[in-house]
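To start, the structure itself, in structure tokens.
The values are calculated or read from the model by the stated rules, or taken from the named source; none is laboratory data. As the structure is a computational prediction, the values presented were derived from the model and not from experiment. Using ideal geometry, Cβ is built from the backbone for each residue, glycine included, and neighbour counts are taken over all protein chains shown. To get the accessible areas, we keep the full protein, side chains included, count just its heavy atoms, and leave off ligands, DNA and RNA. Shrake-Rupley method; radii C 1.70, N 1.55, O 1.52, S 1.80 Å.
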Amino acid sequence: EAMAAEARKWGVQMLSHDDVTPAMRDEYRRLGAHIAEFPMNWETAEAAAAARDYIVLGSPNVVRGGSHNGAISAEEAIRRGQCQILASDYYYPAPLQAALALVRKGALNMEDAWNLVSGSPARAAGLEDRGSLGPGKRADIILLPEEKSRPCLVMSGGRIVYREG
């Protein structure tokens, strides 16, 4: 309670992790955690979605075709509208791979798939100055040719930090 109160006082976004029941999710929400990271079953994910919490699932879950520990399918949650954020989890290349897989499978268009790994996480964290391109926003840019699954150019802080070849 005290830690959550201090986080709320300073505007720190809080999230829960591996919620196993709607009641557990409700308790974290009561403390001010409006981000549900890895709800473990459909009942809990549905409760989080009904409360309009941000739901985070793992990009590796999409890439692998399912959860490694028997939890819900991230792709199915996305198709149900019960996932707004994809996290890299334990494998940092997974967000790009997951976005491309969702597009390839027809689950989302590229703009909506990329929003899961950029815009939506920034909004959930309260970082309104990033996550999308626009005037006055901080932006890192990744150029990804349509026929490739690897970036050919990456800019960060206005500088080229990677260029293919």
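Please identify the trypsin sites (Lys or Arg not before Pro) of segment 22-92 that satisfy two criteria: DSSP loop assignment and at most 10 other Cβ atoms within 10 Å. Which are they?
Details: sites: 25, 29, 30, 52, 64, 79, 80; in loops: 52.
The qualifying sites are 52.
Residue separation of residue 146 and residue 80 scaled by 0.36 nm, minus their Cα-Cα distance, works out to 21.1 nm of gained length.
Could you do me a favour and compute the accessible area per residue for the chain, 1.4 Å probe, result in Å²?
Details: 9710 Å² over 165 residues.
Normalised by residue count, the accessible surface of the chain is 59 Å².
Listed by chain and number, the aspartates and glutamates placed with their C-alpha closer than 14 angstrom to that of residue 105 are 75, 76; residues fewer than eight positions away on the same chain are left out. Considering only alpha-carbon pairs that sit under 8 angstrom and 6 or more positions apart, the relative contact order computed for segment 1-160 is 13 percent. The share of accessible area on the chain that comes from carbon and sulfur is 53 percent, using a 1.4 angstrom probe. Residues considered: 43, 146, 76. Largest GNM mean-square fluctuation over the chain, using C-alpha springs under 10 Å, is found at 146.
Sites listed here are trypsin sites (Lys or Arg not before Pro) in segment 81-165 whose DSSP assignment is loop and whose Cβ has at most 14 other Cβ atoms within 10 Å: 105, 137, 138, 148.
Quick check on segment 1-109: take the gyration tensor over C-alpha atoms, sort the square-rooted eigenvalues as a ≥ b ≥ c, and tell me if it's rounded (a/c under 1.5), prolate or oblate. Mind showing how you got there, number by number?
Values: a/c = 2.19, a/b = 1.76, b/c = 1.25.
Prolate.
Cross-link partners for residue 9 among the lysines, with Cα-Cα distance under 30 Å and sequence neighbours closer than 8 places in the same chain left out: 137.
Rounded, prolate or oblate, given the Cα gyration tensor of segment 96-165, with a/c below 1.5 counting as rounded? Please report the intermediate quantities before stating the final value.
Details: a/c = 2.59, a/b = 1.09, b/c = 2.37.
Oblate is the answer for segment 96-165, as a/c is 1.5 or above yet b/c matches or exceeds a/b.
Can you say what percent of the DSSP beta bridges in the chain, counting only those with both residues inside, are antiparallel? Round to 5. Walk me through the numbers on the way to the answer.
Numbers: 7 of 17 bridges.
Close to 40 percent.
Which loop-located chymotrypsin sites (Phe, Trp or Tyr not before Pro) does segment 18-122 contain, where loop means any DSSP state but H, G, I, E or B and the Cβ has at most 15 other Cβ atoms within 10 Å? Walk me through the numbers on the way to the answer.
Numbers: sites: 28, 42, 54, 90, 91, 114; in loops: 90, 91.
Those satisfying the criteria are 90, 91.
The helix-based estimate of mean residue ellipticity at 222 nm for the chain, built from -39,500 (n - 2.57) per DSSP H run of four or more residues and divided by its residue count, is -10000 deg cm²/dmol to the nearest 500. Mind running the shape call on segment 33-162? Use the C-alpha gyration tensor, a ≥ b ≥ c as the square roots of the eigenvalues: rounded below 1.5 for a/c, prolate if a/b tops b/c, oblate otherwise. Oblate is the answer for segment 33-162, as a/c is 1.5 or above yet b/c matches or exceeds a/b. Ratio of Rg to Rh for segment 1-60: 0.98 [Cα atoms; Kirkwood radius as inverse mean 1/r over pairs].
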